[in-house]
Amino acid sequence: MNSKELLLRAIHNESVERIPWVPFVGCHAGNLIGVTAEEYFRNSDNIIRGAIKAFEEYKPDGLPVTFDLQVEAEAIGCKLVYSDKNPPSVATHPLQEGKSIEDLKIPSETDGRFPIVLKAAKEICKLLGDKIAVYGLVIGPFTLALHFKGTDIFYEMMDSPERVYELMRFCQKVSINSAKMYIDAGVDVVAIVDPMTSQISPTSFEEFVSPYLTPVFDYIRERGKVCSLFVCGNATKNIESMCKSKPDNISIDENVDLAYAKEICQRYGVSLGGNIKLTLTMLFGTPLDNIREAENLMEIGGKKGYILSPGCDIPYDTPPENIKAITSAVHGEVGEFMRQDIKNSLEEIDVVLPDYKNAKKVIIDVITLDSGSCAPCQYAVEAVKSAVEGIEDKVEWNEYKIKEKESIIRMIKLRVPNIPTICIDGEPVYISVIPSVDELRRSIETAIKRKGI
Amino acid sequence: MGVKVDIVFLEEPCSACLIIFNLIKEIMERLKGKYDFLEVNYIEIKKLEDLHSIKGLEVEKFPAIIIDGEQISAGTIPDIGEIEKIISLKYREALRCPG
């Protein structure tokens, strides 16, 4: 099964052998290819080069064509301000400036930057579409309505709901039309990105958003494609309403507890994506922070209906090493990643492994990130602690945390590919798998017998 | 004598935070036009250490609004009516206890 098949299975809420990974690379792709965010967003060749670079560097199972929530708004008449390191910002709201809904026109392939984005989408699908799932990102109706109307929309929702319904009907048509253009370009997944829905209550969501979202999802499914709903911000209160709007998948950010969202999504048969912290972990954290967070999230998300992804689009200056660290956790290559990370200091540190064969006890090495902060690592250590109860005189065990260089050297020498790993007498036995206490106990007893202790 | 509003925002926010930040800026510009005693400062976070020097910041979600040292929002679009109420209250307090 290739990456694309893996992702499509997970997004359809099926069980998979490995959790798929979709880094939401938008303006960060500009950094990857050495251009500003503005140069990236305004040029289809740069968008294509950025996607290819991200594919090569981050080994994803899916990638967005780009991540720009302003394409539709600009094509319809909002003025944008471009920036070197961020996506463009909407600077004007036509409906606050005297225009009416009748003045707004649904954009076609030739309006605004659609020619740039659609050309990029077609080319990326051609180059990568047989390997990974390509996402087309469409602005959601509510966020688009906010672009047109500014914060006045919150008052109209109370004072003149009919006017909001009318605007939402227009925005729904825009979303469907953008979905159509992306599907015609060849994308596999259409994600409706509606982050501003996190700013309203479930009651408002069901009144002002769901009736306009569901037909968009219906259209995408009718065309044989997968639909996803992305939100950012604290959407905890709206997760159930989001599921009821019938997307195939939802994607959340760090403000929502993944375990909580997972439980609700599974109740509705909706798959879930998320929610690596963008700023604290990806932008400002270390590679180890990123490995730890990926491991913890994958532990919670599980192998059924879960996709590992950032909470929203990756910041421009995010160190590529941090994203590669996540890739290594996804692909079970933390050992190799850490070896590359410290290769310059490999010669300075020496670690002498015990003489496992002749040692008077069975030696168990538990290679972790840190059992104090990495949930799967904690379970591995707890399994060992329980399994050796009553036989401590025959077994010696130690935890080696790879946040220490000596432990990385040990990990490399033991040929441990990923964390957590439990080694018995120098052999990696449980790699990224937490055995039951009984199973582990049996393995240890076998080793004891083998040594004649 | 006035009311000081600090808007704390990330140098590199995600798309959603950027939209919220721009909407907050618009709200503040409107309020500045209405209340001449309002002083609005924009504080950009470029690195984590920058957070330590921000008086009144308790919830590290952005954009955050701090009015006279008291945080009133974190990562959300505030209700303009609520902001006006808080500003008026702070202004009255400032008049009662100048300095």
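Structure notes:
- Pairs exceeding 23 Å between alpha-carbon atoms, taken from A:149/B:32; B:34/B:55; A:385/A:451; A:237/B:61: B:34/B:55.
- Two-site FRET efficiency, residue A:264 against residue A:207, from Cβ-Cβ distance with R₀ of 25 Å, rounded to 0.05: 0.80
- Loop-located trypsin sites (Lys or Arg not before Pro) in the stretch B:1-52, at most 14 other Cβ atoms within 10 Å (DSSP): B:46, B:47
- Distance between the 7 Å Cα→Cβ label points at residue A:14 and residue A:405: 4.7 nm.
- Per residue, chain B exposes an accessible area of 51 Å² to a 1.4 Å probe, with every protein chain left in place.
- With 30 Å² as the minimum drop in accessible area between chain alone and full protein complex (1.4 Å probe), the qualifying residues in the stretch B:36-64 are B:48, B:61.
- Qualifying chymotrypsin sites (Phe, Trp or Tyr not before Pro) for the stretch A:115-202 [loop in DSSP, other Cβ within 10 Å: at most 13]: none
- At full extension, residue A:5 and residue A:389 could sit 133.9 nm farther apart than now, given 0.36 nm per residue minus the alpha carbon distance.
- Label-zone membership for the stretch A:62-93, site residue A:184, 7 angstrom Cα→C-beta point, backbone N under 15 Å: none
- Subtracting the Cα-Cα distance of residue A:81 and residue A:382 from their residue separation scaled by 0.36 nm leaves 103.0 nm.
- Computed in the context of the full set of protein chains, the accessible area of chain A at 1.4 Å probe radius has 48% of its extent on carbon or sulfur.
- Loop-located trypsin sites (Lys or Arg not before Pro) in the stretch A:23-122 whose Cβ has at most 16 other Cβ within 10 Å (DSSP): A:42, A:79, A:85, A:99, A:105
- Chains B and A together bury roughly 2200 Å² of accessible surface, counting both sides and using a 1.4 Å probe on protein heavy atoms.
- Isotropically averaged projected area of the stretch A:1-100, using the convex hull of Cα atoms (one quarter of hull area), nm²: 8.1 nm²
- Rg [Å, one decimal], Dmax [Å, integer] - chain A, C-alpha atoms: 24.7, 89
- Largest first, the extents of the alpha carbon coordinates of the stretch A:358-453 on the three principal axes equal 35, 25, 19 Å.
- Amide H within-cut-off set for residue A:26, under 5 Å, with H built and near neighbours excluded: A:314
- Legend note: in chain B, cysteines whose Cβ sits 4.7 Å or more from every other cysteine Cβ are B:17, B:97.
- Each label was represented as a point 7 Å from its Cα along the Cα-to-Cβ direction; for residue A:165 and residue A:110 these points are 3.6 nm apart.
- Note that the stretch A:236-323 presents 30 Å² accessible area per residue, ligands and nucleic acids not counted, probe 1.4 Å.
- Chain B - convex hull of the alpha-carbon atoms, volume per residue in Å³: 88 Å³
The values are calculated or read from the model by the stated rules, or taken from the named source; none is laboratory data. Because the structure is a prediction, the values reported are computed rather than measured. All Cβ positions, even for glycine, are placed from backbone atoms using ideal geometry, and neighbour counts span all protein chains on display. To get the accessible areas, we keep the full protein, side chains included, count just its heavy atoms, and leave off ligands, DNA and RNA. Shrake-Rupley method; radii C 1.70, N 1.55, O 1.52, S 1.80 Å.
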